[in-house]
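Below: the structure, in structure tokens.
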Amino acid sequence: MFTSSWFTRPGRFLARLLVLAIGLGACGEGQPTAVLEMYVLNSFGNEMRNASISLYNNEDAWRNGTGTVKEPSVTDSTGVVRFAGLASGRYFFDAIKGDTNNWELRTSTEVQSIGSFYVNRVFVVITPNRTGLLAATGGRRWRIGRVLQGTQDVTNFVAGCEVNDVLIFYKGNQLVEDEGATRCSPNDPQQVNAHWQFSAAGTEIEVRRGEVPLTAPPSERWTIVGNVTRNGFSVQKRGAVYQYVPAG
């Protein structure tokens, strides 16, 4: 027979239980508690196991690949990955497997901390896409390989200060035009910030210089010639075809 006062005096037992619960709650007070589950699929709706997932708390960190919120993780055999202990807010993420990624689809989600049993769930689709070939986390650098007019190579007739220019394409539509080792004018800035995107038809790269929205009229339209690959791409602009190769 139990004779402990915990059981013989129910009122005292409940009071002590309440104090214990308050104490446990206080231990976790102010600690991030949100949980995010990500379900990664391909374009056919199949689960993508072993996809690499990185989570960032702002767009700049996501674009440059710096300061992940949690250690990068990989999806399990069902294409799912879970991040716990998050604060409420908007998070940006990479989902990458081989040549497939989420960069032309959903790249962010809102996370809520409603209660200890609430789980934020998001479905992420990854696909092979040209953004993953042209741009990269932290920027992918390209330089002029050749300049053609018709079938004639006119690279030697292009000013050297232009030939050594470097284009740096970032995911998230950011573009940096770098003057390279030689500027055409001492007054030219070393770098010009711009935004890029593929046109609706996918046949052009639209460039918008300055802090303007992607809905603004483009500063330039570069017509894509041939395929975009990891080894290079070509665009027609300013009356010639510019062939770009990796700048290292």
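Descriptive notes on the structure:
- The number of residues in region 33-83 being of a type in the set (Lys, Arg) and either outside any loop (DSSP other than H, G, I, E, B) or at positive phi (or both) comes to 2.
Here's the yes/no breakdown for (1) surrounded by fewer than 16 Cβ atoms within 10 Å (Cβ to Cβ); (2) in contact with a strand residue (DSSP E or B) (Cβ under 9 Å, 6 or more places away or on another chain); (3) not polar (S, T, N, Q):
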| residue | (1), (2), (3) |
| --- | --- |
| CYS161 | yes, no, yes |
| GLN174 | no, yes, no |
| ILE205 | no, yes, yes |
| VAL212 | yes, yes, yes |
| PRO218 | no, yes, yes |
| VAL241 | no, yes, yes |
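- Hey, TRP222 of a type in the set (Phe, Trp, Tyr) and within 23 Å of ASP60 (Cβ to Cβ) or not: no
- Strands (runs of 3 or more DSSP E) (entirely within region 163-248) containing at least 2 residues that are of a type in the set (Lys, Arg) and assigned by TED's automatic domain parsing to the domain that holds GLN149: 204-209
- Being touching a residue at least 40 places away in the same chain (Cβ under 8 Å), in a strand (DSSP E or B), surrounded by 19 or more Cβ atoms within 10 Å (Cβ to Cβ) and not assigned by TED's automatic domain parsing to the domain that holds ASP60 is not true of LEU148.
Conditions (1) more than 20 Å from the chain's Cα centre (by Cα); (2) at positive phi; (3) at pLDDT 95 or above, marked per residue:
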residue	(1), (2), (3)
ARG183	yes, no, no
PRO186	yes, no, no
PRO213	no, no, no
GLU220	yes, no, yes
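- Close contacts from region 235-248, counting a first residue that is at pLDDT 95 or above and a second that is polar (S, T, N, Q), with Cβ to Cβ under 6 Å and a gap of 6+ residues or different chains, come to GLN236/THR223; ALA240/GLN149; VAL241/SER234; GLN243/SER234.
- Of all residues in region 84-127 being among the small types (Gly, Ala, Ser) and part of a loop (DSSP other than H, G, I, E, B), the one that is nearest to LYS70 (Cα to Cα): ALA87
- Test for ALA159: is it closer than 17 Å to GLY145 by Cα, at pLDDT below 95 and out of contact with any helix residue (DSSP H, G or I) (no Cβ under 8 Å at 6 or more places or on another chain): yes
- Test for GLY115: is it farther than 19 Å from LEU41 by Cα, assigned by TED's automatic domain parsing to the domain that holds ARG238 and of a type outside the set (Phe, Trp, Tyr): no
- Pair list, Cβ < 7 Å and 6+ apart or interchain, from region 198-217 residues that are of a type in the set (Gly, Ala, Ser) to residues that are not in a loop (DSSP other than H, G, I, E, B): SER199/GLU206; ALA216/ARG208
- When THR137, THR100 are checked against the criterion of being hydroxyl-bearing (Ser, Thr, Tyr), at pLDDT 95 or above and surrounded by 13 or more Cβ atoms within 10 Å (Cβ to Cβ), THR100 stands alone in meeting it.
The values are calculated or read from the model by the stated rules, or taken from the named source; none is laboratory data. The structure displayed is predicted, hence computed values, not measured ones. Heads up, the Cβs are rebuilt from the backbone with ideal geometry, glycines too, and the neighbour counts pull from every protein chain shown.
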